[in-house]
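What follows is one structure encoded as structure tokens, with my remarks underneath.
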Amino acid sequence: MKHTVTSVPYGYEPPKEEYRGTLIYYDTFEDIADEALDNAEKTAEERNFSKFVLYPLHEETVRRMQKHPVRSYYKREQQLESWKQDRGSAAIIESFEAKRKKYTPMDTALRHLTDKFPAPHLLYLTADMANLFASYSSFAEWIVKLRLILADKPDRLHPLLEKHRSRWDVAGEEKKDA
């Protein structure tokens, strides 16, 4: 490996990075209103994330995960594109599932996202999606690698979400110092 020599003046300190990490909004985006997308983007800005990624799920993935039909992937993607253009948003719409055109397990999607975007990774989920994620056998493996931000306060909590309470919080709530 070739080394490059860089010279800097005595006492030079590199500037601190203001922005860090990636906020990934993992959802079907079937019933998501523009206000919910605005709130997610506001959370990304407030917490100084360098990337805000929207990850819409393919209809085959939704069919296996939630057992109810959704609109075509391209229609939901077009809705996100129009929201992005209307707001002048810098959000990234990740089209990994559009390329695959089939069921994509959550493990595969998270592995792809964590490899592609800078760490630390936070997953922005609705309360229902968070409970669903907690029901998967790989949840224990992933919860130590990333943190969760829930869009809304859940009515009921999956036992594993309760167990890992320190690894998630609700968007818009103030962090309490213990």
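Every number here is computed from the coordinates shown, using simple stated rules; none is lab data. From a predicted model like this one, the values you see are computed outputs, not experimental measurements. Backbone-built Cβ (ideal geometry, glycine too); neighbour counts: all protein chains shown.
Laid out as a table, the results:
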item	result
Low-density loop cleavage sites - trypsin sites (Lys or Arg not before Pro) in the range 98-138, where at most 14 other Cβ are within 10 Å (DSSP)	Lys101, Lys102
Proximal charge balance of Pro69 [Cβ under 13 Å; K/R count +1, D/E count -1]	+2
Cα convex hull of the range 1-90, projected area averaged across orientations, nm²	10.2 nm²
Charge dipole magnitude, Cβ of K and R +1, D and E -1 - the range 100-178, Cα centre, debye nearest 20	360 debye
Viscosity 1.306 mPa s, 10 °C: Kirkwood-radius Stokes-Einstein D of the range 22-169 over Cα pairs, µm²/s	102 µm²/s
About the Cα centre, charge dipole magnitude for the range 22-169 (Lys/Arg +1, Asp/Glu -1 at Cβ), debye	580 debye
